[in-house]
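The values are calculated or read from the model by the stated rules, or taken from the named source; none is laboratory data. What you are looking at is a predicted structure, and each value in this text was computed from that prediction instead of being measured. Cβ sites come from the backbone with ideal geometry, for glycine too, and all protein chains shown count toward neighbours. Just so you know, the surface numbers come from the protein's heavy atoms only, side chains and all, with ligands and any DNA or RNA stripped out. Shrake-Rupley method; radii C 1.70, N 1.55, O 1.52, S 1.80 Å.
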Amino acid sequence: QVQLVESGGGLVQPGGSLRVSCAASGITFKIYTMAWYRQGYGKERELVARMDSGGTANYADFVKGRFTISRDNAKNTVGLQMNSLKPEDTAIYYCNAYYPNRDFWGQGIQVTVFS
């Protein structure tokens, strides 16, 4: 059974930092592209950052220079370090594991940036 379990969300003030993590099980983690998506209230889900099996990372323009994705293939985890957070970063953040014909999602975790 595949499981992606996010942790680390919460409340933070603008300009603050937060780290979310995702622990994967039931997949051959090292071959998957791992990604973080988010969905704000009333908005569509959007890609935030992803890292392929070779360690190449890509970021959405709206988080470049602020967020950093990382993965630990030994621990089957992927993290997202979020710095300089803005109110518009408020969303549910989802962990995603992708391999051709295989696509898995975590349950999501809330990140709220408020004054």
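Of the conditions (1) open to solvent by 20 Å² or more (accessible area, probe 1.4 Å); (2) touching a residue at least 24 places away in the same chain (Cβ under 8 Å); (3) more than 15 Å from Gln110 (Cβ to Cβ), Gly9 clears all except one; give me its number. Going through the list (1) open to solvent by 20 Å² or more (accessible area, probe 1.4 Å); (2) touching a residue at least 24 places away in the same chain (Cβ under 8 Å); (3) more than 15 Å from Gln110 (Cβ to Cβ), Gly9 breaks only (3). Taking the range 12-45, which residues are small (Gly, Ala, Ser) and in contact (Cβ under 8 Å) with a residue 24 or more places away in the chain? If the condition is that a residue be small (Gly, Ala, Ser) and in contact (Cβ under 8 Å) with a residue 24 or more places away in the chain, then Gly15, Gly16, Ser17, Ser21, Ala23, Ala24, Ser25, Gly26, Ala35, Gly40 are the ones that fit.
Would you confirm whether or not the range 7-22 contains a residue that is over 16 Å from Thr90 (Cα atoms) and among the charged types (D, E, K, R)? Within the range 7-22, none of the residues are over 16 Å from Thr90 (Cα atoms) and among the charged types (D, E, K, R). Evaluate the range 46-58: report whether one residue or more is free of Cβ contacts under 8 Å to residues at least 24 places away in the same chain and hydrophobic (A, V, I, L, M, F, W, C). Yes, that holds for at least one residue.
For the range 35-62, how many residues meet the condition of being among the β-branched types (Val, Ile, Thr) and touching a helix residue (DSSP H, G or I) at 6+ places or on another chain (Cβ under 8 Å)? Let's see the steps before the verdict.
Our first condition is that a residue be among the β-branched types (Val, Ile, Thr); within the range 35-62, this holds for 48, 56.
Among the residues that remain, those that are also touching a helix residue (DSSP H, G or I) at 6+ places or on another chain (Cβ under 8 Å) are: 48.
Total meeting the criteria: 1.
Please tell me if Ser84 is in contact with a Pro (Cβ under 9 Å, 6 or more places away or on another chain), modelled with pLDDT of 95 or more, exposed (fewer than 15 other Cβ atoms within 10 Å of the Cβ) and part of a loop (DSSP other than H, G, I, E, B).
Numbers: in contact with a Pro (Cβ under 9 Å, 6 or more places away or on another chain): yes; modelled with pLDDT of 95 or more: yes; exposed (fewer than 15 other Cβ atoms within 10 Å of the Cβ): yes; part of a loop (DSSP other than H, G, I, E, B): yes.
The answer is yes for Ser84.
Filtering the range 94-110 for residues that are open to solvent by less than 30 Å² (accessible area, probe 1.4 Å), assigned to a loop (DSSP other than H, G, I, E, B) and either within 17 Å of Ser21 (Cβ to Cβ) or out of contact with any Phe, Trp or Tyr (no Cβ under 8 Å at 6 or more places or on another chain) (or both) leaves a non-empty set.
Of the residues making up the range 28-62, those that are hydrophobic (A, V, I, L, M, F, W, C), buried (at least 17 other Cβ atoms within 10 Å of the Cβ) and under 14 Å from Trp105 (Cβ atoms) are Met34, Ala35, Trp36, Val48. Scan the range 76-101 for residues that are without any contact (Cβ under 8 Å) to a residue 24 or more places away in the chain and either within 14 Å of the chain's Cα centre (by Cα) or closer than 20 Å to Gly55 by Cβ (or both) and jot them down. Residue satisfying the conditions is Pro100 alone.
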